[in-house]
Amino acid sequence: MPLERWRHWVALASRFGAPIVGGYVFTYGFVAFAALAGLWLGLSFTESKTLAWMLSLVVYLVAILWGFAARSVTVVWLVLAGGGIAMSFAAWALSREII
Amino acid sequence: MRETFRQSMAYLHTWLGLALGFLLMVIFFFGSLSVFDREIDRWSIPETRAPAAPLPSFDKVVLPIVPSVKPDADDMARAAAEVIGPLPPVETLRATGIWVGSNHRDPLVRMFLEFDIPNKPVDPNQDHGHVHGNTAIDPATGQRLTGGLEDRLAIGTRFFFPMHFMLHVEWAMLGYWIVGLAGMTMLAALVSGVVMHRRIFREFFTFRPEKNRLRSTLDLHNMTGVLALPFLFVITFSGLLIFADFYVPSVTKLMRPLEKSQETAEAGRTGLPEDPAGQPGQLASVDKMMSDAKARWAERGVPGEVGFVSVTHFGDVNAYVTVGRDNVDRVATQEEIHFNGMTGELMYENPPTRPIEAVKGFLYGLHFQHFKHWGLRWLLFVGGLIGCACIATGFLFFVEKRKRKHAAAGSIGSSVVDALAVTSVTGMLVATATMMLANRVLPVDLPAHDTWQKSIFWFTWLATLVHAGLRSKPVASGGASSAWAEQCWAVAALATMAVLANWVTTGDHLLKTLSDGYWPVAGVDIVMLIAAAAAGGTAYVLSRRSQFFTAAAREMSAPAVGSQNV
């Protein structure tokens with residue numbers, strides 16, 4: 001039984017962690033990527049960053065809502081954390097390309 | 001994850017709301033008080049109860065004060081942890097940046113100084129470090145604030161205001177992170193709250209106080225939530241946006257080389273030097289630049305006063321001076337003109353704001369509230385309190401809905417939530433009123449006068465938690481905690497005593513402040529009296545209701561015994 005209980009708590013932590021922690025990772029990558037995209041689209045970097053931060057609040061909000069509504073926690077983790085890491089890496093690499 | 005989208009939104013709303021609602025209560029309440037932070041400052045430091053003052057002469061008043069201001073000890077400690085090698089002694093540091101500004105609600109002129117430090121930062125993504133010092137100028141004397149007034153606790157700007165964005169949890173900046181998470185929770189709670197209810201617009205007009213308590217609590221929760229929905233969303237959004245660069249620092253962390261090159265390019269476009277030249281230079285007359293700026297604003301059809309002046313690279317030949325308009329007549333933040341510090345010539349005038357920056361300026365301005373519009377200011381204050389009511393009724397609903405079920409199952413869940421709700425609603429008011437009273441009663445020559453006030457606040461709050469815990473037993477068996485009524489009585493008594501203590505210690509009773517038209521102090525007194533009356537009224541109703549229920553329970557049990565004979 002203790003193992004059952006332990007599993008229950010891990011599942012619960014994952015249920016809340018996926019939208020909140022995963023969503024943060026996604027937002028983190030999004031801001032860097034969006035700031036870069038804005039620059040590429042012709043905004044000044046200051047404006048581009050401001051827009052990225054404004055959108056980031058909406059992105060994180062949607063990520064949280066979706067993360068709670070989605071059926072599979074694993075999918076939430078994969079999309080949010082995976083997407084966030086991918087965008088972070090892309091922003092890191094691309095920003096060094098275009099200087 | 002639940003059966004339907006609506007059900008999973010209800011799950012999110014209930015459990016995230018419960019987990020972070022207690023903090024949201026604190027954030028919204030102290031945020032509301034911060035709308036009147038300068039007024040609370042005046043109340044808490046009676047020596048500074050004077051009319052608001054304009055910016056004094058920079059050349060004659062501000063500059064002579066600069067050498068006397070030293071970096072803050074706390075900030076030195078923070079910087080020491082972020083750089084390599086020991087910091088140079090405080091006495092050898094010279095100010096390299098000056099900011100001085102006035103506010104239409106403040107009799108003191110605030111001054112912030114920046115000092116360059118030579119040490120390399122530990123984090124290579126960081127620019128070279130600074131330490132900061134600050135002071136306030138009393139325009140009546142043209143001197144730094146004296147008589148120990150500088151060290152006195154300005155409860156509004158130095159305690160209530162920071163509470164609402166960092167909870168005074170300084171370790172690892174944890175307080176800021178917690179508030180950020182709570183803010184995101186608020187946004188999620190607002191959206192999920194709307195999704196949960198099919199008949200949102202009917203609920204907008206539904207309040208059935210005569211119905212059972214469960215129903216009327218929910219009505220009040222929905223009504224306050226929907227009524228203030230646009231306000232609650234925008235104030236939370238703008239608050240989060242102010243700290244967004246801190247919460248999500250990925251641009252700097254991941255793309256520092258690009259960011260740096262972009263900053264250099266943008267600085268090149270403005271012509272404002274990014275770095276000092278390393279050669280000492282003598283500052284030209286800043287007063288002249290201030291009048292020049294005013295003339296330019298008048299020419300453009302936006303005449304106004306100077307709200308702030310800042311000097312970048314102070315003491316260097318690359319120094320430049322930024323003069324900002326006091327934007328009392330609009331929500332959005334500053335309009336700025338930059339002058340060459342050596343020659344006083346115009347260097348760069350910020351171009352008309354582009355859409356993205358204009359939206360940001362409006363959102364920042366709405367949150368910082370530098371405008372001069374008392375109607376809007378009160379509206380924002382009341383909006384914040386409606387937010388508090390919405391959060392508090394959320395707790396009440398949670399407890400009311402579950403307590404009988406929990407009682408039947410032998411769970412203490414709802415009694416714990418009820419005790420925490422008491423602490424975060426009435427307990428917070430008790431602690432706040434006690435602090436205000438302590439501020440007036442403690443002798444000012446008491447060593448660590450400010451620490452005393454803060455400690456009294458925290459320990460009182462802790463005491464209300466203990467009290468709520470001790471009184472919460474009836475909730476576990478489906479009843480009501482008497483802590484609500486008892487703490488309401490305490491709020492009524494303490495807030496009234498604070499107003500009386502203000503009269504006794506300063507002579508500024510309401511008749512005097514009202515006839516003098518000194519609204520900062522009169523306003524704080526009036527709000528405390530209204531709070532006392534509301535708390536007293538609530539306490540009265542709650543105690544009567546509990547007497548009624550006790551009597552009703554007795555009557556109910558009597559015929560029940562008799563009925564067995566029938």
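Placing one equal scatterer on every Cα of chain A and applying the Debye formula, the log10 ratio I(q)/I(0) at q = 0.20 Å⁻¹ is -0.91.
Please give the contour-minus-distance gain from B:ARG544 to B:ASP75: 0.36 nm per residue of separation, less the Cα-Cα distance, rounded to one decimal in nm. Intermediate values should be presented prior to the final figure.
Numbers: separation 469, 0.36 × 469 = 168.84 nm, distance 5.29 nm.
Full extension from B:ARG544 to B:ASP75 adds 163.5 nm.
With respect to chain A, whose longest principal axis is taken over its alpha-carbon atoms, helix A:45-69 is tilted by about 20°. Over the protein assembly as shown, the alpha carbon radius of gyration divided by the compact-protein estimate 2.2 N^0.38 Å works out to 1.07.
In loop segments of segment B:1-56 as defined by DSSP, the trypsin sites (Lys or Arg not before Pro) with at most 14 further C-beta atoms inside 10 Å of their C-beta are B:ARG2.
Loop exposure criterion: GluC sites (Glu not before Pro), DSSP state outside H, G, I, E and B, at most 16 other Cβ atoms within 10 Å. Applied to chain B, the longest stretch between such sites is B:346-566. Summarising the label geometry, the points placed 7 Å from Cα in the beta-carbon direction at B:VAL441 and A:LEU3 lie 6.0 nm from one another.
For segment A:25-35, putting each phi into the Karplus relation 6.51 cos²θ - 1.76 cosθ + 1.60 with θ = phi - 60° gives couplings of 4, 4, 5, 4, x, 4, 4, 5, 5, 5, 4 Hz, in residue order, rounded to whole numbers and with x for Gly and Pro. For B:GLY129, the residues whose amide H sits under 5 Å from its own are B:ILE117, ignoring neighbours fewer than 5 places away on the same chain, with H placed 1.01 Å from N.
Amide H to amide H distances under 5 Å link B:TYR348 with B:HIS338, where only residues 5 or more positions off or on other chains count and H is placed in the peptide plane. Three principal axis extents describe the C-alpha atoms of chain B; from largest down they are 104, 60, 52 Å. Taking a straight line from the alpha carbon of B:LYS403, these lysines sit under 22 Å away, with near neighbours fewer than eight places off in the same chain left out: B:LYS211, B:LYS473. Within the straight-line cut-off of under 17 Å between alpha carbons, the aspartates and glutamates reachable from B:LYS260 are A:GLU47, A:GLU97, B:ASP123, B:ASP127, B:ASP245, B:GLU274, B:ASP275, sequence neighbours fewer than 8 places apart in one chain being disregarded. Of all aspartates and glutamates in the structure, those lying under 14 Å Cα to Cα from B:LYS512, and not within fewer than 8 positions of it along the same chain, are B:ASP525. Between the amide H of B:THR96 and those of B:GLU114, B:PHE115, B:ASP116, distances stay under 5 Å, these residues lying 5 or more places away or on another chain, with hydrogens modeled in the peptide plane.
Principal-axis analysis of the Cα atoms of chain B puts helix B:413-422 at an angle of about 50° to the longest axis.
FYI, it's all coordinate maths here, none of it is from the lab. For clarity, every value in this text was computed on a predicted model and none was experimentally measured. A quick note on method: Cβ atoms are made from the backbone with ideal geometry, for glycine too, and the neighbour counts reach across all protein chains shown.
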